[in-house]
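Student: Got a structure for you, written out below as structure tokens; questions coming shortly.
The values are calculated or read from the model by the stated rules, or taken from the named source; none is laboratory data. Please read these numbers as outputs of a predicted model, since none were measured by experiment. Please note: Cβ atoms are built from the backbone with ideal geometry, for glycine as well, and neighbour counts cover all protein chains shown.
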Amino acid sequence: MSGPERPRPVNRALLVCVSRYAREGPHEWADVLGDIAAAERNLTVLEGVLRAGGVFAEVVLLSSPDIREFEQRLGEVRDSTDGLLLVYFAGHGIVDTCTGEHSRLLLGLGGAKVEHGPAFPGWIHWEDKVLHRLRAGEHRPRHTVVVLDCCYAGNAAAAWDRLEPHDQRRISLLLAVQRNQRIDAGDSATPTPYTALLAEALTPGRGAPEGDVTVEVLHRRLVDGLRAARTVAGKEWLPQRRWQDTGEKVVLLPERAPVPDPAPDPGPVPPWWHRPLPPGPRRRLIAAALAVPAALALLLWWIASGTSDGPGPSPSCAHHPPLELRLLTDPDLAPAVRRAADGFVASGANRDGDGCRRTGVTVYSAGSADTVEAFRTQYGEWARGSSSGFNPVGSVGPQPDVWIPASSASARRAQDETSNQQSVLSLEFDDGRPLARTPLALLVPEPLAEPEGDRAGRRLAELTKAITGKAKGAEFRRADPRYTDAGLAATAGLYRVDAPRAVEERQRSAARSSGRVGGRDLVCGLARGDRDADRRTAVLVAAPVLGQYRGCAGRTGVARVAEYPDDVPALDPVFVHVRWNDARRDEDERDRAVRRFGDWLASEDGRAVFREEGLRPVAAPSSSSGPSPSPGPSAETGPSAATGPLPRPLSAGEAADTLEKYRQANAAGRVRFLLDSSGSMNRWWDGANGAREIVERAMTRFGPEDSYGVWGVASEGTGPPYRELLPFGTHGSSSRTAGKDDRDKATAAAGKVDAAVPAPSLEADVGGALRAALDGMPHGTEDDGHPQLVILLTDDEDNDRLDAARRDELVKFVADRKVPVVMVSFDSGGCLEGRLDLRVAEASGGRCLDSRGDLAGDLAGEVAKVAQGHG
């Protein structure tokens with residue numbers, strides 16, 4: 001006898017279209033933030049096709065909502081959906097150039113305007129307020145598809161790239177245009193061009209290919225439909241996408257969807273030139289901004305509707321979806337590689353005789369040390385998809401077909417010396433012909449730079465000495481050598497200037513937040529931070545980062561120039577064909593696709609992309625049958641007047657030696673956890689991103705030689721302001737390579753967290769506990785240079801018991817101790833300007849985390865920076 005039938009998952013769609021914007025007030029972009037009449041058309045058209053398609057049980061409409069209404073409905077729809085969730089936005093998008101290139105996209109809601117200064121009234125941050133809200137929540141949808149039809153939509157991809165792999169598998173993005181590009185909304189009587197194609201593809205019986213319309217199929221149709229279009233800047237219009245694993249297979253329109261009755265003909269629409277533009281200077285600004293005429297949008301609608309005999313793929317393309325390649329690359333190289341992959345996908349080299357696209361490319365990045373380790377020793381775990389210990393799928397991503405490390409040294413190190421890996425995979429690359437070459441650059445504040453003729457052809461020691469002679473307290477920073485090949489090459493160069501321990505001590509005191517970030521994040525973090533620090537700090541990064549830095553400089557007003565030391569190893573990214581020997585049915589087809597992609601990257605078109613991204617491409621091969629020898633000096637590959645002779649690339653032996661010196665210099669870490677155990681913390685204790693999960697996840701980042709302990713911070717007003725839950729000491733490691741005794745010790749240590757369950761009658765003396773913890777850490781002559789960290793998790797309820805004088809005293813105390821403090825606040829505003837948490841974190845050189853971000857992931861990253869052999 002069968003049991004009760006399980007209820008089917010409920011699918012919902014949230015459609016947000018903003019057509020009305022503020023006009024009053026003296027703000028910078030007021031004249032170009034006009035209303036978008038087409039957005040209102042989008043709402044009507046999409047609602048109709050989604051309801052007709054039968055996938056979504058409910059379609060929620062929001063027309064020009066304000067921030068409060070948007071956030072409320074987004075949370076409601078997310079929490080009530082246990083199947084597929086579609087979130088669609090159409091409206092204005094802008095980029096906040098003051099906050100770093102990777103997290104700048106803002107979406108304009110009702111009444112949005114842009115004023116002079118850092119405020120953006122009416123705008124919502126894509127990463128903090130949309131993406132992270134979708135990945136958080138107690139009850140999350142099984143899968144979420146986000147569609148952004150706005151200017152700069154492609155800038156949303158960077159935030160998705162930083163999500164944990166398990167979150168990437170649950171969220172797919174369809175983005176109207178590539179990053180840093182504006183698009184025209186088209187005619188007011190029709191939907192916007194992107195949404196017009198979107199609606200056409202999702203309309204049952206009209207333009208939908210035979211078979212289900214999946215996210216992958218939909219993206220291909222959008223790209224094909226906009227092939228002839230151009231952005232406002234005149235560039236090719238290239239819709240973007242992000243998905244992981246099976247995200248591209250999500251069905252948005254089933255093959256057997258009911259076909260609706262044809263809609264009545266709305267009658268002729270007056271042409272756009274008969275409708276008046278707004279008066280005054282707005283008329284001139286809008287007219288100048290319309291680089292793509294509205295007539296183009298009408299032509300696109302005509303072509304997409306099947307009423308044109310214009311060029312396009314054969315209808316048979318629907319029966320032959322392109323093969324998707326997975327491309328893994330270095331975080332610093334990701335922008336250039338992603339742009340190159342998009343160029344190949346849109347090129348004629350990627351089309352068959354019927355005009356069908358043969359291949360798609362999904363680009364993702366991961367830390368270089370984790371990637372090398374996965375290829376060298378964990379290839380079996382990768383192929384089996386192990387979920388225990390060091391899991392390559394979780395740490396790096398899915399099995400790639402192509403790997404482009406920023407240094408050939410990483411490719412050589414990844415090849416197992418015993419060739420054991422060949423039973424599972426093989427790595428094939430041409431060591432003699434990299435894709436490109438690039439030196440490392442010392443980005444120097446302009447007042448500290450050398451005269452123009454002395455900025456190249458000198459040793460790093462000379463350049464750093466010149467800077468320290470011009471600025472008292474000058475600092476030098478580089479990215480984490482375990483995260484990017486550029487950070488590793490920079491570290492090798494710095495170790496030639498000074499002893500590794502001295503270098504790492506200065507790195508910890510100057511930039512404790514430099515771990516797990518690439519060069520762009522490093523320099524952009526300076527640009528949006530403290531002006532005094534920015535004006536005295538030089539950053540050693542890959543040369544292309546200079547161009548990326550220019551996009552985020554501004555808040556501190558510090559301009560930078562590049563100096564090129566001739567003794568810091570250069571980068572030489574290579575194309576690695578990864579063959580997984582699992583007898584896949586499409587193995588031959590996949591091999592051909594990889595070869596086509598590799599040949600295109602070596603062609604003039606591919607080299608042009610790398611050149612525009614600040615890399616020095618090598619000469620193209622003489623034929624596609626094989627690589628050509630490395631060319632001699634030329635205008636592209638030889639010395640340049642600006643950068644001087646190109647240094648030799650990093651060698652595999654030098655890379656391994658530098659990483660070992662780095663590990664020894666940082667030694668074992670010391671971390672003290674303080675858990676607020678007052679009654680008000682009870683609601684933050686369990687569940688996703690709760691205190692228990694956060695601490696236990698952070699503990700997995702320790703090695704067997706790291707020391708850590710846990711205090712519960714709560715008292716009745718007498719005695720010490722804490723109780724010891726876990727004595728300070730080594731507690732083993734939960735890592736895959738640890739022995740059974742170590743893993744048992746780590747598990748027992750994590751279990752001690754339960755003893756801090758909040759007691760309703762107790763209050764937390766946060767200041768007293770923090771003082772006691774810092775007093776217990778080595779300082780002064782006792783400090784042996786090992787990394788140290790104090791972590792306080794609190795809901796901030798007891799902070800109000802400290803008056804202004806006591807707060808100032810506490811901030812001064814932590815500043816004097818010089819031990820970084822990470823403040824973890826379960827209050828969404830705990831890290832706002834002026835709050836005690838932020839003041840303590842900044843004074844100590846630590847970091848403030850609140851619930852606007854991923855608390856568990858962010859804290860685990862902070863612990864990884866001080867944990868030996870991890871991160």
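Student: So if I check each of Arg338, Arg358, which one is crowded, with 20+ Cβ neighbours inside 10 Å, among the basic types (Lys, Arg) and modelled with pLDDT of 55 or more?
Tutor: Within the list Arg338, Arg358, the selection yields Arg338.
Student: For region 799-840, name all the residues that are closer than 21 Å to Ser680 by Cβ, of a type in the set (A, V, I, L, M) and outside any strand (DSSP E or B).
Tutor: Leu802, Leu810, Leu832, Leu836, Leu838, Val840
Student: Further question: Can you tell me which residue within region 145-162, out of those that are under 23 Å from Gln399 (Cα atoms) and without any contact (Cβ under 8 Å) to a residue 60 or more places away in the chain, is surrounded by the most Cβ atoms within 10 Å (Cβ to Cβ)?
Tutor: Residue satisfying both the conditions and the ranking: Ala158.
Student: Sticking with this structure for a sec: For region 517-537, how many residues are surrounded by fewer than 23 Cβ atoms within 10 Å (Cβ to Cβ) and modelled with pLDDT of 80 or more?
Tutor: So the answer is 5.
Student: List the number of the failed condition for Val18; all other conditions in (1) in contact with a strand residue (DSSP E or B) (Cβ under 8 Å, 6 or more places away or on another chain); (2) at pLDDT below 75 hold.
Tutor: Every listed condition holds for Val18 apart from (2).
Student: Can you name the helices (runs of 4 or more DSSP H) wholly within region 447-536 that have at least 1 residues being of a type in the set (D, E, K, R) and without any contact (Cβ under 8 Å) to a residue 12 or more places away in the chain?
Tutor: Hits in region 447-536: 460-470, 531-535.
Student: Here's something else I'd like to know. Find all pairs meeting these conditions: Cβ atoms under 6 angstrom apart; at least six residues apart or on different chains; first residue within region 175-202 and closer than 23 Å to Leu106 by Cβ; second residue of a type in the set (Phe, Trp, Tyr) and surrounded by 24 or more Cβ atoms within 10 Å (Cβ to Cβ).
Tutor: Between residues of region 175-202 that are closer than 23 Å to Leu106 by Cβ and residues that are of a type in the set (Phe, Trp, Tyr) and surrounded by 24 or more Cβ atoms within 10 Å (Cβ to Cβ), the close pairs are Ala176/Tyr194.
Student: Turning to a different aspect of this structure: Keeping to region 182-234, report how many residues are basic (Lys, Arg), surrounded by fewer than 22 Cβ atoms within 10 Å (Cβ to Cβ) and modelled with pLDDT of 85 or more.
Tutor: Residues flagged as basic (Lys, Arg), surrounded by fewer than 22 Cβ atoms within 10 Å (Cβ to Cβ) and modelled with pLDDT of 85 or more within region 182-234 amount to 3.
Student: For a quick check of your reading of the model, give me the residue pairs whose first member lies in region 340-358 and is under 18 Å from Asp591 (Cβ atoms) and not assigned by TED's automatic domain parsing to the domain that holds Ala228, whose second is aromatic (Phe, Trp, Tyr) and not in a loop (DSSP other than H, G, I, E, B), with beta-carbon atoms closer than 7 Å and at least 6 apart or on different chains.
Tutor: Phe344/Phe597; Phe344/Trp600; Ala349/Trp600; Asn350/Phe344
Student: Where residues in region 841-871 are part of a loop (DSSP other than H, G, I, E, B) and closer than 22 Å to Asn666 by Cβ, which of them is modelled with the lowest pLDDT?
Tutor: Initially, region 841-871 is screened for residues part of a loop (DSSP other than H, G, I, E, B), giving 845-846, 850-854, 867-871.
With closer than 22 Å to Asn666 by Cβ added as a condition, the list becomes 845-846, 867-871.
Details: Gly845: 84, Gly846: 87, Ala867: 70, Gln868: 56, Gly869: 44, His870: 44, Gly871: 39.
Among them, the one singled out is Gly871.
Each row is one residue, and each column tells you yes or no for (1) at pLDDT below 80; (2) part of a strand (DSSP E or B).
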position	(1), (2)
Gly653	no, no
Leu659	no, no
Leu675	no, yes
Arg683	yes, no
Val695	no, no
Ala698	no, no
Phe702	no, no
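Student: Quick one: which helices (runs of 4 or more DSSP H) lie wholly within region 143-222 and hold at least 2 residues that are under 25 Å from the mean Cα position of the chain (by Cα)?
Tutor: Counting at least 2 such residues, we get 157-161, 165-168.
Student: I've got another one for you. If only one of Leu792, Leu802, Leu762, Leu810 is assigned by TED's automatic domain parsing to the domain that holds Asn682, in contact with a Gly (Cβ under 9 Å, 6 or more places away or on another chain) and at pLDDT 90 or above, which one is it?
Tutor: Exactly one residue qualifies, and that residue is Leu810.
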